[in-house]
Structure formats: C-alpha cells, structure tokens
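> Provided herewith is a single structure, encoded as structure tokens, for subsequent inquiry.
The values are calculated or read from the model by the stated rules, or taken from the named source; none is laboratory data. Just so you know, these numbers come straight off a predicted model, no measurement behind them. Cβ coordinates were reconstructed from backbone atoms using ideal geometry, including for glycine residues, and neighbour counts include every protein chain displayed.
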Amino acid sequence: MTTDRVAIVHERLTEIAGSEHVIEQLALQWPESQVYAAVARAQGIPKNLPRPPKTTFLDRGYKALGERSYAPLLPLMPTAFRHLKLGDIDAAIVSHHAFATQAVFATDAPVVAYVHSPARWAWDPALRAGEGGGKAGAAILTALSAVARKCEIAAAPKLRTVVANSSAVADRISNWWGRDDAVVVHPPVDTEGFTPDASVEREDFFLLAGRLVPYKRPDIAVKAAAAANIKLVVAGDGRAMNACRELAGPNTTFLGRVSHEDLLGLHRRARGLLMPGVEDFGIVPVETMATGTPVIALGEGGALDTVVPGVSGRLVASGSDEEVVDGFAAAMSSFDPSAFDRHEIRAWAEGFSRANFRAKMQGVLDDIV
C-alpha cells in the first residue's frame, strides 16, 4: 500500500496560527492530498495548499454569520466531521484541537491524529472560568465540554496512531484518553525565516511576542518587568492588551502587531524572550531560539521540551501567580545573555525545522502501511 491518497482533516481554517502551519507542511509532504475543514475563510487558508480546502455544511452557517464567529456552530462540529466524505484514501491525518478526531468514524482507512492538545477547555474547568459571558453562557460551555470529552474518549481507541505535539500533550493524552502510546512529533518552526545575524548587537530589553490572550499569561511578564524595573517590549495584540497596559510600568513599550521584518529584528536584538504561560508546545520561543536568542520560560508544558537550561534559556519554577511573577523578575534581573552561545542555541532550534517535521510525519505514516 502507498500513502499517495491522504486526507488531511483540520478543525477550522479561520486564522493562520501554529496548527495551520502544521496543515501546510502536511499538504506539502503529500501534494496529492485533500484538506478538509469544518469551516474556512480566505485569511485562514495557508498559501501553500496544493488545492482549495473542502468544507462541511457548517460553512454555510459560518458565511451567514458573516465569518465573524464559529462559536455558535461548535455543537454541530462532531456531526460535521463524522459525515465527511473522504473518498477512497490510503490514510487520514487529523489535526485535532477539540472535535476533529470524529473523522475516524467517516472512513475505514487508518487514521493518524496529530494532537495539538486534547480540548483543554473541556477537561480543565479553570480554563472555562470567565469565558461563558454570564450564567447562561457558562452553562452552555459546560454542556459543550461534556460533549467534547465524550467525543474524544469515543474516538481515541479507534485511532491507529496518536501523535502529540509535545511531551506535555502526550501526558494529557495518557491521563484523559487512556492512550499511553502517543508518539511525540514537535510542530514545524520556520527556522528559515528566523535566522541569526552576527552583526546585530543585543540591546537592553526583554521581548514578549505573540497573541495577548489570558491563557498565555502576558500579565505575568508585564508585572515582572515592572517589579524588576526592567525594559520590556511587547509585540502583539489581543483581548488582554488593555489589562496589560494597566499593569505596565514606565519601562514597558507596547508595539501592537509588527511586520515579520520588525519582529525578526526584535528577536535578534533582545536580551531574551519571555514565555510566562503554559503552552502546548510554544512556537514563538523556538523562533527566537532560531535567531540565537535565549528564552526565560515557565517550567511547565511545551517549554520542558524546548528550553534547555544553560543551552537555550532558563526555566522559572511554577507556583502561585505572585511566586511566578517574583521568579520572572529575579530571572530577568540576574540574566546574562553572554552566558549563552548564539550558535549553540541556533543549532538546537534547527531540530524543530519544517523539514524535520515532514520527515518524522512521513515516518509515522510509513509505519502504519
């Protein structure tokens, strides 16, 4: 059997983020593949897909909502994925956040699940706190969480292979799905677009980059910089922006969204990047490592796979919010970028390249056929 006829199933193509880069690289590895998504819009479709994605009946509802939100459609997503028409295929690769593994019920071909994470919001009530928008919304979200957990548990034993994007995600799969055989394949990082420049000198600031959303805990980085009276540059935007501005000290600068060229320059010039939240993997820290810049990260989640103390950065112990803020403030105050070798950091980051990702996923499919 070959693996020329591969179906690639993704939750949604509504914005370009880490999981969409995974889809793009899978499609490049199997150029004859077809990508399927529950809903899609133009700005959420990776540019290098070999052909347009196919969507489900939910896409009509998404268009009727003006492509503003897919949230009202979430209860119908399990049905949409179970009724995909994948055709005569050799294998399917499912890119899973919450409901995509339901595609295992739509085909008799072997299914590989690339799991960005089991639905953390469904399994961890703390992540749902304050997200429902009132009592009625909270009740709906709680009910949807029960559906998501039930769907994941039903699909898990039917998956031929489960791939986790980090060791932390593999642990969640074991704890929540009862699958102890997950293979870890880290997601692709653009090590070609993020490169070192020996002519660029470090400047006296730390960098916080990416979406400013509550679960990434940008507030911790902003508080720590204020407590340590250290310069912090924030590149990115999101719904936590205003809250972060209120917490910021006089040495914190908010740039909003910046171009790739400007972001690359910030990565190269920063003393180090801050990663204060618990990430499933965390692509931004590896991008900064690809430029030869070290990272200060919370010692949980995906950072345990990417931040090697003394080589690519420094880990801050977990604890209460106050303890973590103090830990980041102390780490920044005592941080010495010259103790890290740019070339060694870059060499470590190259292990997370797009080419390595494609080769490892090819190996996963080769194993099942």
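> Test of understanding: among 63, 85, which residue is over 17 Å from residue 155 (Cα atoms) and either assigned to a loop (DSSP other than H, G, I, E, B) or not basic (Lys, Arg) (or both)? Break it down stepwise before answering.
Numbers: 63 fails: either assigned to a loop (DSSP other than H, G, I, E, B) or not basic (Lys, Arg) (or both).
After applying the criteria, what remains is 85.
> Looking at (1) modelled with pLDDT of 95 or more; (2) buried (at least 19 other Cβ atoms within 10 Å of the Cβ); (3) not in a strand (DSSP E or B), which is the one condition that is false for residue 171?
Residue 171 satisfies all of (1) modelled with pLDDT of 95 or more; (2) buried (at least 19 other Cβ atoms within 10 Å of the Cβ); (3) not in a strand (DSSP E or B) except (2).
> Can you find a residue that is under 22 Å from the mean Cα position of the chain (by Cα) and either assigned by TED's automatic domain parsing to the domain that holds residue 274 or over 16 Å from residue 273 (Cα atoms) (or both) anywhere in segment 192-200?
Restricting attention to segment 192-200, the residues satisfying the condition of being under 22 Å from the mean Cα position of the chain (by Cα) are 192-195.
If we keep only those that are either assigned by TED's automatic domain parsing to the domain that holds residue 274 or over 16 Å from residue 273 (Cα atoms) (or both) too, we end up with 192-193.
Among the residues of segment 192-200, at least one is under 22 Å from the mean Cα position of the chain (by Cα) and either assigned by TED's automatic domain parsing to the domain that holds residue 274 or over 16 Å from residue 273 (Cα atoms) (or both), which makes the answer yes.
> Let me ask another. So is residue 316 crowded, with 23+ Cβ neighbours inside 10 Å, among the aliphatic types (A, V, I, L, M), in contact with a Lys or Arg (Cβ under 9 Å, 6 or more places away or on another chain) and at pLDDT 95 or above or not? I'd like the intermediate steps shown before the answer.
Details: crowded, with 23+ Cβ neighbours inside 10 Å: yes; among the aliphatic types (A, V, I, L, M): yes; in contact with a Lys or Arg (Cβ under 9 Å, 6 or more places away or on another chain): no; at pLDDT 95 or above: yes.
Answer is no for this residue.
> Would you check which residues across segment 309-339 are in a loop (DSSP other than H, G, I, E, B) and in contact with a Pro (Cβ under 9 Å, 6 or more places away or on another chain) and list them?
311, 312, 335
Yes or no, residue by residue, for (1) modelled with pLDDT under 95; (2) not basic (Lys, Arg):
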site: 201; (1), (2): yes, yes
site: 209; (1), (2): no, yes
site: 216; (1), (2): yes, no
site: 262; (1), (2): no, yes
site: 269; (1), (2): no, no
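> Turning to a different aspect of this structure: Look at segment 119-146 and say how many of its residues are at pLDDT below 85, within 23 Å of residue 279 (Cβ to Cβ) and aliphatic (A, V, I, L, M).
3
> If we keep just the residues of segment 96-111 that are at pLDDT 95 or above and crowded, with 23+ Cβ neighbours inside 10 Å, which is nearest to residue 361 (Cα to Cα)?
Per the criteria, the residue is 111.
> If a residue counts only when it is surrounded by fewer than 16 Cβ atoms within 10 Å (Cβ to Cβ), which strands (runs of 3 or more DSSP E) contained entirely in segment 233-299 have at least 3 such residues?
By residue number, 252-256.
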